[in-house]
Each structure stands twice: as structure tokens, then as C-alpha cells.
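Below: one structure, written as C-alpha cells.
The values are calculated or read from the model by the stated rules, or taken from the named source; none is laboratory data. On a predicted model such as this, the values are computed, not experimentally measured, just so you know. Heads up, the Cβs are rebuilt from the backbone with ideal geometry, glycines too, and the neighbour counts pull from every protein chain shown. Remember, those area values only see protein heavy atoms, side chains included, never the ligands or the DNA or RNA. Shrake-Rupley method; radii C 1.70, N 1.55, O 1.52, S 1.80 Å.
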Amino acid sequence: MIRKMEHADAAAVLDIYAYGLRTRNATFETQVPTWEKWNQLHLTHSRFVFVQNKNILGWTALSKVSSRSVYQGVCEVSVYIAENSLGRGVGTKLLKAVIDSSEKNGIWTLFSSLFPENIASVKMHENCGFRKIGTRERIATLYGIWRDTVIMERRSKIV
């Protein structure tokens, strides 16, 4: 079941994020933020968790890409899945939920910056209507290793 994220979900959300950090294929970040910082960085709408048997198996949320008003309808998507739930369709269901919610909240462009090695995430985004718009080569280092990112975008057909 997908439901809106609640404050009580904070520990599970951050635990799943920590797993993403450990994979070294989800983000350039190397430390889990406090809930207060995480909460500050994500929009209050379009936050969802996937729950099964009272366990949170994944989450999704949106972040602003700019504080400039002309970009108020452009957001970055985050989708993180618990280790024991990979390959079960959880991410796709969450991504579809956040797409629907984003459009209801006036978001016209969603973008994701993905490591190309994260093939499952790239395919999931493509299957949900995202297209590759480019590769940022050697954009940053993660633990001393230069990494590329694939930039993917989904433009709303209704906003």
C-alpha cells in the first residue's frame, strides 16, 4: 500500500536512505541527514511511503531544484527502496504515485540525476516516461572516485 509519509516514518525513511548511501549507487551524499534537515530539503507535498505488513519498504519525495520562482514547477525526484524489497515493483509504484501527485500540485517537470551503473533505476525511470537528456561526465567524486550521472527528465502532458 502507498500512503502519504508521516512524521512517524522518519526513522524508517532515514534507514532506507542509509542503505542507499551504502550501495554507493544512489547519491553522492555520504552521511544520513537529521530528520529536520531531510524535512527541510523536501517539499511537504508528494511524499509517499510503500507499506507492507506495517513495514516501510520504500519512499519517494520531491526537492526544489531552484529557489527562483520561474522554476517552481521543476523538481528533483528521490526514490529509495529497502534492500530486501529491490526488484519487487515497489520503486515503480512509488514513482507513479509521485508523478501523479506532482501534476496535481502544479509540477511540470520532474528530473532525476542517476548513476549510470544503477541500471534498474534508469530503466524504472524510462518505463515511467522519463527520457535521458544527457550525461554529466566526471561531475563529482564519491570516496575519491570520479562518477558520471545520467540526467533524466519527465515533462507533464497536463500541467
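Worth pointing out:
- The peptide list 51-58, 124-131, put in order of mean Cβ contacts within 10 Å with the highest first, becomes 124-131, 51-58.
- Kyte-Doolittle mean at least -0.5 and Cα axial length at least 18 Å: DSSP H helices in the chain: 10-23, 90-104
- Efficiency of FRET from Cβ geometry, residue 157 and residue 51, R₀ 25 Å, rounded to 0.05: 0.25
- Too-long pairs where the Cα-Cα distance tops 20 Å, listed order kept, from 54/123; 93/123; 104/157: 54/123
- Among 136, 3, the order of accessible area from largest down is 136, 3, computed with a 1.4 Å probe on protein heavy atoms.
- Placing dummy labels 7 Å off each Cα toward the beta-carbon, the span from residue 11 to residue 131 is 4.5 nm.
- Approximating the spin labels as points 7 Å out from Cα along Cα→Cβ, the residue 69-to-residue 139 distance works out to 2.9 nm.
- Between 16, 81, 145, the Gaussian network model of the chain with springs among Cα atoms under 10 angstrom shows the greatest mean-square fluctuation at 145.
- Result for the chain in a Gaussian network model with C-alpha springs under 10 Å: among 34, 149, 135, the largest mean-square fluctuation is at 34.
- Taking one quarter of the surface of the convex hull spanned by the alpha-carbon atoms of the chain gives a direction-averaged projected area of 9.1 nm².
- Virtual spin-label span in nm between residue 23 and residue 146, 7 Å along Cα→Cβ: 2.5
- Positive-end ranking of 95, 159, 134 along the dipole of the range 90-159, with charges on Cβ about the Cα centre, is headed by 159.
- Here the range 51-98 exposes an accessible surface that is 43 percent carbon and sulfur, computed with a 1.4 Å probe and the other protein chains kept in place.
- Per-residue ellipticity at 222 nm computed for the chain from its helices equals -8500 deg cm²/dmol, with DSSP H segments shorter than 4 residues left out and the rest contributing -39,500 (n - 2.57).
- For the range 25-92, the solvent-accessible area with a 1.4 angstrom probe is 57 square angstrom per residue.
- Shape category assigned to the range 1-78 from the gyration tensor of Cα positions, a/c cut at 1.5: oblate
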